[in-house]
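The values are calculated or read from the model by the stated rules, or taken from the named source; none is laboratory data. Remember, predicted model here, so these are calculated numbers, not experimental data. Methodologically, a virtual Cβ is constructed for each residue, glycine included, from the backbone with ideal geometry; neighbour enumeration extends over all protein chains shown.
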Amino acid sequence: MQKVIRRPRRETTMGYLFISPWIIGFIVFVAGPLIASLIISMTNYNLLSPPQFIGLQNYAQMFADSNFWLSLQVTFYYALLAVPVDLIVALVLAIMLNQNVRFMPLFRTIFYLPALLPPVAISMLWIWILNPAYGILNTFLRTIGLPQPQWFLTPQTTVPGYVIMSVWGLGTWMVIFLAGLQNVPAELYEAAVLDGSGVWAKFWHVTLPMISPVLFFNLVMGIVGAFSFFTQAFVIGQGTGTGAGVSNSGLFYSLYLYQKAFSELQMGYASALGWALFLIVMLLSLLVFRSSALWVYYGGESSS
Amino acid sequence: MSKKTRLLSFAAVLSSLSLLAGYSPVAAAAKPAAAKNVPVITFGSWVPWSTHPGHVKLLNEINRENRGKFIIKPVYTPPSGYDQKLLTELAAGDAPDFFYVDYGFVSSFAANHTLLDLNPFLQQLKKQYLAANPQNYYPASLAGDSIGGQYYGLPFIDQPYVMYYNPQLFKAAHLPMPTANWTWAQFLRDAKALTVPAKHQFGYLQASGWPPLETYIWSYGGHMFNSKGTQAELTSPADLKGIELMQTMVRDKIIPSQAQIENLNIEDLFRQGKVAMFLGGANDGNYTYGNHPINTSIAPIPRGTQQVTGDYVAEIAVNAKVANPKLVVQAYLDILTAYAHTHVVPPIRQFAQKLQSIYVNSAPGGHIPAVRIPIILDSMKFARSLRPMQNMTNYYNIETNDLYDPILLGTSSAKAAAQKAEIDMNNYLKNPNG
């Protein structure tokens with residue numbers, strides 16, 4: 001009997017030993033910094049002098065900080081434009097790449113390729129594509145007689161410029177949609193055709209409900225991605241204004257957080273900004289999760 | 001092959017690889033570090049030592065002269081984000097013993113007790129080293145180093161801004177070459193004549209942040225702030241004249257639009273002959289474009305109501321946490337002295353007078369042309385440095401967002417831009433971190 005009891009205990013110990021690299025990694029690299037940043041967010045800390053505890057002052061300071069509100073405005077504007085546009089374009093591309101035509105693997109590879117490029121390379125490429133004087137996009141617009149925006153040189157067109165860039169790199173979303181589309185049973189389409197459904201009705205009543213879990217996943221990831229948008233804003237922002245575009249029109253939340261932390265060494269305030277960002281994203285994700293019961297279809301099961 | 005032989009062969013291959021990987025001129029420079037009981041002093045900079053044989057040679061000479069006393073070991077930090085990396089090293093207690101500091105950062109580093117107060121050591125060593133006596137320096141070069149009379153850093157380079165011009169374009173436009181005492185009014189007339197839209201040729205270059213607006217404001221007798229640094233003066237008549245000068249450049253289209261220069265190396269436009277004049281640091285030289293020699297000349301900056309130019313200063317400071325400060329300061333002064341023989345322009349007057357002896361790699365014959373030397377040395381006399389402020393990042397943000405961008409993009413008048421900038425600058429003065 002004793003042996004029977006000992007064996008599971010030994011197995012448990014062995015189990016913990018096997019997963020200990022992950023546990024240690026989690027404590028050291030995730031949980032530790034998380035708790036540390038929460039504590040630092042209540043201090044005045046510039047790295048060079050010891051931190052001073054100031055309670056919730058950093059959080060209160062945000063309300064009076066015009067750049068905090070500006071960064072929120074820029075990020076929300078980007079999220080409101082980029083997330084729906086990217087979802088629609090990715091879905092349309094996935095539908096196109098789900099057709100039965102020749103060389104489809106080649107087309108799929110071509111459309112996915114931009115997603116493999118590092119964000120810095122994408123930024124450098126788009127700096128030139130969107131160059132108001134020499135850029136290929138404005139040259140094309142000029143050729144067809146349309147007005148040529150100044151893109152990153154005008155506050156009004158800075159965020160739309162980033163949205164256009166984001167469309168180019170949505171290969172991953174497209175592949176996820178494609179996987180979802182390929183899982184839609186063909187019988188459902190056959191049944192819809194027998195009921196006299198056209199292309200639009202099939203999309204609306206069969207495709208969309210069946211891929212709604214994938215749509216839901218991409219939506220949540222899109223919101224998280226939009227609120228953590230940094231690399232492109234950082235690289236492109238360097239070329240205009242003082243690191244965040246003309247008149248701070250490209251001052252995304254993560255970029256502002258970075259500037260506060262590493263340019264101005266306000267580690268306490270930057271940590272508070274980080275926690276505020278966490279709360280905002282969590283709140284938005286909760287809203288999307290709550291709403292999912294109304295529009296996400298899980299094969300006859302309730303999503304709740 | 002036995003197991004032992006295989007292991008030995010493997011060890012031999014490994015050690016050969018590590019020897020190969022470890023060999024570089026820099027490693028060679030630091031090689032005497034193996035000597036017993038000789039303190040190793042680390043020197044942090046943004047100079048990629050392995051590609052600068054001149055710097056390595058200089059370091060080896062200092063190390064040879066101080067054999068048995070100390071060894072200076074170079075530490076390279078890439079220039080991109082240098083200040084942030086240095087700050088992180090200082091915070092981690094891992095910064096080199098002495099290091100490059102970009103202009104404007106000495107005061108904020110010193111305020112956080114990270115830099116050594118040099119005064120007691122300078123006092124002791126000023127008879128031994130010219131570099132240890134602040135009175136030997138051009139006053140403008142020291143503007144960022146002293147806090148309450150105490151020195152926390154010393155400059156190693158002080159480049160006054162001079163006007164580079166393309167004599168061929170002047171000749172083609174039948175214009176006389178710029179001379180000393182020329183004015184901004186003459187400059188504007190010349191720049192207009194030198195602008196040929198059909199050839200995409202422009203008279204001058206003005207980007208957001210370069211040349212600095214302060215230079216124009218100073219030349220009309222204006223200042224960004226009052227003498228106490230408590231109030232912005234951007235709407236004063238003198239300041240407005242300087243800001244209006246920049247607006248005139250936009251209005252008269254003597255500069256390329258911001259769209260045309262976005263993401264370009266603007267100085268290259270001058271080197272390519274697409275722009276006739278460029279305000280740059282004296283060290284820029286502009287002797288070559290790529291490997292090809294180009295024909296350029298220099299003139300002093302035009303004057304408004306007075307002759308003033310800006311300058312670029314970079315400093316070296318000593319880590320406050322060094323174990324043997326006196327020895328480190330000696331090594332530091334050795335480096336400053338050696339740099340005064342290699343950098344254009346040395347901020348120490350006695351060395352600046354020997355400007356012609358400094359080797360300049362790209363210059364014809366390896367030395368600054370004689371005709372340029374009096375212009376550079378004169379410019380040193382009326383050069384002015386930016387007043388170092390707390391949290392300079394916010395200062396530059398306001399300047400860019402309120403002045404450069406609206407004026408250069410034509411979205412605001414000089415007066416309206418100055419009014420907004422003055423309000424923001426006053427708020428900045430009240431709360432630099434806000």
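Apart from one condition, B:ALA95 fits all of (1) small (Gly, Ala, Ser); (2) more than 14 Å from chain A (Cβ to nearest Cβ); (3) out of contact with any Leu (no Cβ under 6 Å at 6 or more places or on another chain); the exception is (2).
Name every residue in the stretch B:51-65 that is surrounded by 17 or more Cβ atoms within 10 Å (Cβ to Cβ) and either at pLDDT 95 or above or under 30 Å from A:GLN259 (Cα atoms) (or both), in order of residue number.
Start the filter on the stretch B:51-65 by keeping residues that are surrounded by 17 or more Cβ atoms within 10 Å (Cβ to Cβ), which leaves B:52, B:55-56, B:58-60, B:62-63.
Within the stretch B:51-65, B:ILE62, B:ASN63 qualify.
Scan the stretch B:210-233 residue by residue and report those that are closer than 13 Å to B:GLU399 by Cβ and in contact with a strand residue (DSSP E or B) (Cβ under 9 Å, 6 or more places away or on another chain).
B:TRP210, B:PRO211, B:PRO212, B:GLU214, B:THR215, B:MET224, B:PHE225, B:ALA232
Conditions tested, residue by residue: (1) crowded, with 18+ Cβ neighbours inside 10 Å; (2) over 21 Å from A:LEU284 (Cβ atoms).
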| position | (1), (2) |
| --- | --- |
| A:SER166 | yes, no |
| A:ASN183 | no, yes |
| A:GLU190 | no, yes |
| A:ILE223 | yes, no |
| A:ALA233 | yes, no |
| A:VAL246 | yes, yes |
| A:LYS260 | yes, yes |
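Residues that are within 14 Å of chain A (Cβ to nearest Cβ) number at least 3 in the following helices (runs of 4 or more DSSP H) confined to the stretch B:319-434: B:392-398, B:405-408, B:414-430. Against the test of being of a type outside the set (A, V, I, L, M), touching a strand residue (DSSP E or B) at 6+ places or on another chain (Cβ under 9 Å) and farther than 30 Å from A:ILE211 by Cα, the options A:THR139, A:THR158, A:THR143 yield a single qualifying residue, A:THR158. Residue count for the stretch A:233-250 satisfying the condition of being polar (S, T, N, Q) and more than 9 Å from every other protein chain (Cβ to nearest Cβ): 2. Do the conditions hold for A:THR207, that is, is it surrounded by 16 or more Cβ atoms within 10 Å (Cβ to Cβ), away from chain B (no Cβ under 14 Å) and polar (S, T, N, Q)? Spelling it out, A:THR207 is indeed surrounded by 16 or more Cβ atoms within 10 Å (Cβ to Cβ), away from chain B (no Cβ under 14 Å) and polar (S, T, N, Q). The residue pairs whose first member lies in the stretch B:254-266 and is within 9 Å of another protein chain (Cβ to nearest Cβ), whose second member is not in a loop (DSSP other than H, G, I, E, B), and whose beta carbons are closer than 6 Å, counting only pairs six or more residues apart or on different chains, are B:PRO256/B:PHE202; B:GLN258/A:LEU153; B:GLN258/B:LEU408; B:ALA259/A:LEU153; B:ILE261/B:ALA207; B:ASN263/A:ILE127; B:ASN263/A:GLY239.
Every residue in the stretch B:339-376 that is of a type in the set (Gly, Ala, Ser), touching a residue at least 40 places away in the same chain (Cβ under 8 Å) and surrounded by fewer than 19 Cβ atoms within 10 Å (Cβ to Cβ), please.
Looking only at the stretch B:339-376, we keep the residues that are of a type in the set (Gly, Ala, Ser), and these are B:340, B:352, B:357, B:362-363, B:365-366, B:370.
Applying the additional criterion that residues be touching a residue at least 40 places away in the same chain (Cβ under 8 Å) yields B:340, B:352, B:362-363.
Answer for the stretch B:339-376, where residues must be of a type in the set (Gly, Ala, Ser), touching a residue at least 40 places away in the same chain (Cβ under 8 Å) and surrounded by fewer than 19 Cβ atoms within 10 Å (Cβ to Cβ): B:SER362, B:ALA363.
Considering only residues that are within 14 Å of another protein chain (Cβ to nearest Cβ) and not polar (S, T, N, Q), which ones fall in the stretch B:172-218? Selection gives B:PRO197, B:HIS200, B:PHE202, B:ALA207, B:GLY209, B:TRP210, B:PRO212, B:LEU213. For B:HIS174, the conditions (1) in the same structural domain as B:LEU264 (by TED's automatic domain parsing); (2) surrounded by fewer than 20 Cβ atoms within 10 Å (Cβ to Cβ); (3) at negative phi are fulfilled apart from (3).
Here A:LEU106 meets the list (1) in a helix (DSSP H, G or I); (2) in contact (Cβ under 8 Å) with a residue 24 or more places away in the chain almost entirely, failing just condition (2). Among residues of the stretch B:97-115 that are among the hydroxyl-bearing types (Ser, Thr, Tyr), those with a Cβ under 6 angstrom from a residue that is assigned to a loop (DSSP other than H, G, I, E, B), sequence gap 6+ or separate chain, pair up as B:TYR100/B:TRP46; B:TYR103/B:GLY144; B:SER107/B:PRO388; B:THR114/A:LEU48; B:THR114/B:ALA320. I need the full set of residues from the stretch A:251-290 which are part of a loop (DSSP other than H, G, I, E, B) and more than 12 Å from chain B (Cβ to nearest Cβ), in order please. Of everything in the stretch A:251-290, just one residue is part of a loop (DSSP other than H, G, I, E, B) and more than 12 Å from chain B (Cβ to nearest Cβ), namely A:PHE252.
When we screen A:GLY25, A:GLY55, A:GLY15 for residues that are assigned to a loop (DSSP other than H, G, I, E, B) and without any contact (Cβ under 8 Å) to a residue 40 or more places away in the chain, the only hit is A:GLY55. For the residues B:GLY229, B:GLY222, the requirement of being modelled with pLDDT under 95 and more than 21 Å from B:VAL275 (Cβ to Cβ) singles out B:GLY229. For the stretch A:142-165, taking the residues that are in contact (Cβ under 8 Å) with a residue 40 or more places away in the chain, assigned to a helix (DSSP H, G or I) and hydroxyl-bearing (Ser, Thr, Tyr), the one that is nearest to the other protein chains (Cβ to nearest Cβ) is identified as A:THR158. Within the set A:PRO119, A:PRO50, the sole residue that is within 14 Å of another protein chain (Cβ to nearest Cβ) and either modelled with pLDDT of 90 or more or under 30 Å from A:TYR269 (Cα atoms) (or both) turns out to be A:PRO50. Every residue in the stretch B:261-274 that is over 23 Å from the mean Cα position of the chain (by Cα) and crowded, with 17+ Cβ neighbours inside 10 Å, please. Answer for the stretch B:261-274, where residues must be over 23 Å from the mean Cα position of the chain (by Cα) and crowded, with 17+ Cβ neighbours inside 10 Å: just B:LYS274. Please find, within the stretch A:291-304, the residue that is nearest to the chain's Cα centre (by Cα) out of those that are surrounded by 14 or more Cβ atoms within 10 Å (Cβ to Cβ) and part of a loop (DSSP other than H, G, I, E, B). Across the stretch A:291-304, the extreme among qualifying residues is A:VAL296. Checking every residue in the stretch A:213-232 against the condition of being outside any helix (DSSP H, G or I) and within 14 Å of chain B (Cβ to nearest Cβ) gives zero matches.
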